[in-house]
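Colleague: One structure, pasted below without further comment.
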Amino acid sequence: YGVQVGALTVLALNSETAQPWVASTDWDAPNGAQYSWLSQRLAQLTSPWTFATWHISPFDVGVRHADQNDSTRSVLPLLDKKVDWVFSGHEHLYQRLKPLRYTGMSGGKPRADVAPSYGRGAADGVGYLLAPPAGHYPAEDEILPTGNPLRNMLASPGPSELSGDKLTASWVGFSVVTLVGKTFKLETFELGKSQPRDSVTYSKP
């Protein structure tokens with residue numbers, strides 16, 4: 001479904017139907033039901049800000065669910081220059097990825113490379129965020145090994161928060177997004193702390 005609130009449009013999809021144990025073509029390009037719906041909605045957008053959200057992220061550096069990365073990547077070619085941020089969860093480990101831009105197919109799978117900045121411009125990339133777990137869920141602390149190429153996409157947690165391939169301390173929390181005109185601000189907090197563990201701010205031209 002889609003919801004528009006002021007200058008923001010939020011598009012919500014169901015990633016569970018993309019999983020291999022579900023006999024569904026929902027996310028398949030070009031005629032899968034959700035793929036087709038998303039394509040049509042993105043073509044109709046007029047709002048200056050667009051977020052998409054689904055549960056299982058197309059990029060995940062956490063060990064527990066990294067093997068499900070591919071399940072929702074079919075829609076990546078649709079997102080560039082159309083979607084500002086994709087918000088997901090599933091892994092109980094906060095992750096903000098560097099801006100990513102679709103760059104074609106590799107080995108039959110969609111590929112995305114790191115872009116210089118977040119945004120919808122020709123050289124910009126989509127933001128991907130995996131929300132931190134809430135207070136009643138345990139936090140995970142283990143990430144993919146250093147040699148895994150997905151590690152190069154990770155903006156937060158940064159090196160100071162890592163010990164080898166684990167967080168120095170796992171945590172639960174929440175993220176706050178503020179939109180003011182053409183400016184985006186993201187702050188992610190650990191529960192009980194007043195200063196954000198991670199933040200990013202940028203403005204569109």
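The values are calculated or read from the model by the stated rules, or taken from the named source; none is laboratory data. For clarity, every value in this text was computed on a predicted model and none was experimentally measured. Cβ: placed from backbone, ideal geometry, glycine included. Neighbour counts: every protein chain shown. When the accessible area is computed, the model is the full protein with side chains, heavy atoms only, and any ligands, DNA or RNA have been set aside. Shrake-Rupley method; radii C 1.70, N 1.55, O 1.52, S 1.80 Å.
Colleague: Would you confirm, using the coordinates I've provided, whether Tyr128 is under 19 Å from the mean Cα position of the chain (by Cα), among the hydroxyl-bearing types (Ser, Thr, Tyr) and within 30 Å of Pro30 (Cα to Cα)? Break it down into steps so the answer makes sense when it comes.
Modeller: Values: under 19 Å from the mean Cα position of the chain (by Cα): yes; among the hydroxyl-bearing types (Ser, Thr, Tyr): yes; within 30 Å of Pro30 (Cα to Cα): yes.
It is true that Tyr128 is under 19 Å from the mean Cα position of the chain (by Cα), among the hydroxyl-bearing types (Ser, Thr, Tyr) and within 30 Å of Pro30 (Cα to Cα).
Colleague: If you scan segment 67-95, which residues turn out to be out of contact with any strand residue (DSSP E or B) (no Cβ under 8 Å at 6 or more places or on another chain) and among the aromatic types (Phe, Trp, Tyr)?
Modeller: Of everything in segment 67-95, nothing turns out to be out of contact with any strand residue (DSSP E or B) (no Cβ under 8 Å at 6 or more places or on another chain) and among the aromatic types (Phe, Trp, Tyr).
Colleague: Here is a follow-up. For segment 91-116, enumerate the residues that are in contact (Cβ under 8 Å) with a residue 40 or more places away in the chain and small (Gly, Ala, Ser).
Modeller: Listed by number, the list holds a single entry, Ala112.
Colleague: Restricting to segment 113-140, name every residue that is under 21 Å from His90 (Cβ atoms) and open to solvent by less than 60 Å² (accessible area, probe 1.4 Å). Steps first, answer last, please.
Modeller: Taking segment 113-140 as the starting set, the residues that turn out to be under 21 Å from His90 (Cβ atoms) are 126-140.
Residues satisfying the conditions are Val126, Gly127, Tyr128, Leu129, Leu130, Ala131, Pro132, Pro133, Ala134, Gly135, Ala139, Glu140.
Colleague: Just to verify a result, which residue in segment 163-201, among those that are of a type in the set (Phe, Trp, Tyr) and under 17 Å from the mean Cα position of the chain (by Cα), is surrounded by the fewest Cβ atoms within 10 Å (Cβ to Cβ)? Break it down into steps so the answer makes sense when it comes.
Modeller: Our first condition is that a residue be of a type in the set (Phe, Trp, Tyr); within segment 163-201, this holds for 171, 174, 184, 189.
Next, from what is left, pick out any that are under 17 Å from the mean Cα position of the chain (by Cα): 174, 184.
Values: Phe174: 15, Phe184: 20.
It comes out as Phe174.
Colleague: Please go through (1) open to solvent by 60 Å² or more (accessible area, probe 1.4 Å); (2) free of Cβ contacts under 8 Å to residues at least 60 places away in the same chain for Arg64 and return the number of the only condition it doesn't satisfy.
Modeller: Here Arg64 clears every test but (2).
Colleague: Can I ask one more? Looking at Arg101, is it modelled with pLDDT of 95 or more, open to solvent by 30 Å² or more (accessible area, probe 1.4 Å) and in a strand (DSSP E or B)?
Modeller: Values: modelled with pLDDT of 95 or more: yes; open to solvent by 30 Å² or more (accessible area, probe 1.4 Å): yes; in a strand (DSSP E or B): yes.
Here the answer is yes, as Arg101 does meet what is asked.
Colleague: Then there's this: Go through (1) crowded, with 22+ Cβ neighbours inside 10 Å; (2) free of Cβ contacts under 8 Å to residues at least 60 places away in the same chain and name the single condition Pro58 misses.
Modeller: Of the numbered conditions (1) crowded, with 22+ Cβ neighbours inside 10 Å; (2) free of Cβ contacts under 8 Å to residues at least 60 places away in the same chain, the odd one out for Pro58 is (2).
Colleague: Does segment 44-62 hold any residues that are β-branched (Val, Ile, Thr), assigned to a loop (DSSP other than H, G, I, E, B) and modelled with pLDDT of 95 or more, and which are they? Steps first, please.
Modeller: If we filter segment 44-62 for residues that are β-branched (Val, Ile, Thr), which is where we start, we get 46, 50, 53, 56, 61.
Then drop every residue that is not assigned to a loop (DSSP other than H, G, I, E, B), which leaves 46, 61.
Matches in segment 44-62: Val61 only.
Colleague: Under 7 Å by Cβ, and 6 or more places apart or on different chains, what pairs join a residue from segment 117-136 that is closer than 13 Å to Tyr202 by Cβ with one that is of a type in the set (Gly, Ala, Ser) and open to solvent by 40 Å² or more (accessible area, probe 1.4 Å)?
Modeller: Asp124/Ser117
Colleague: Here's something else I'd like to know. Quick one: count up the residues across segment 104-121 that are among the hydrophobic types (A, V, I, L, M, F, W, C) and in a loop (DSSP other than H, G, I, E, B).
Modeller: Restricting attention to segment 104-121, the residues satisfying the condition of being among the hydrophobic types (A, V, I, L, M, F, W, C) are 105, 112, 114-115.
Pick out the ones that are also in a loop (DSSP other than H, G, I, E, B) and you get 115.
So the answer is 1.
Colleague: Which one is nearest to Gly158 (Cα to Cα) among residues in segment 67-98 that are part of a loop (DSSP other than H, G, I, E, B) and open to solvent by less than 30 Å² (accessible area, probe 1.4 Å)? Explain how you work it out, then say what you get.
Modeller: Filtering segment 67-98 for residues part of a loop (DSSP other than H, G, I, E, B) gives 80-84, 90-94, 98.
In the following step, the residues that additionally are open to solvent by less than 30 Å² (accessible area, probe 1.4 Å) were identified as 83-84, 91, 93-94.
Working: Val83: 25, Asp84: 22, Glu91: 17, Leu93: 13, Tyr94: 11 Å.
This residue is Tyr94.
Colleague: Would you pick out the residues in segment 73-102 that are more than 19 Å from Phe184 (Cα to Cα) and not aromatic (Phe, Trp, Tyr)?
Modeller: Across segment 73-102, the qualifying residues are Arg73, Ser74, Val75, Leu76, Pro77, Leu78, Gly89, His90, Glu91, His92, Leu93.
Colleague: Sticking with this structure for a sec: Could you check Leu154 against (1) at pLDDT below 95; (2) among the hydrophobic types (A, V, I, L, M, F, W, C); (3) open to solvent by less than 30 Å² (accessible area, probe 1.4 Å) and say which number it fails?
Modeller: Exception for Leu154: condition (1).
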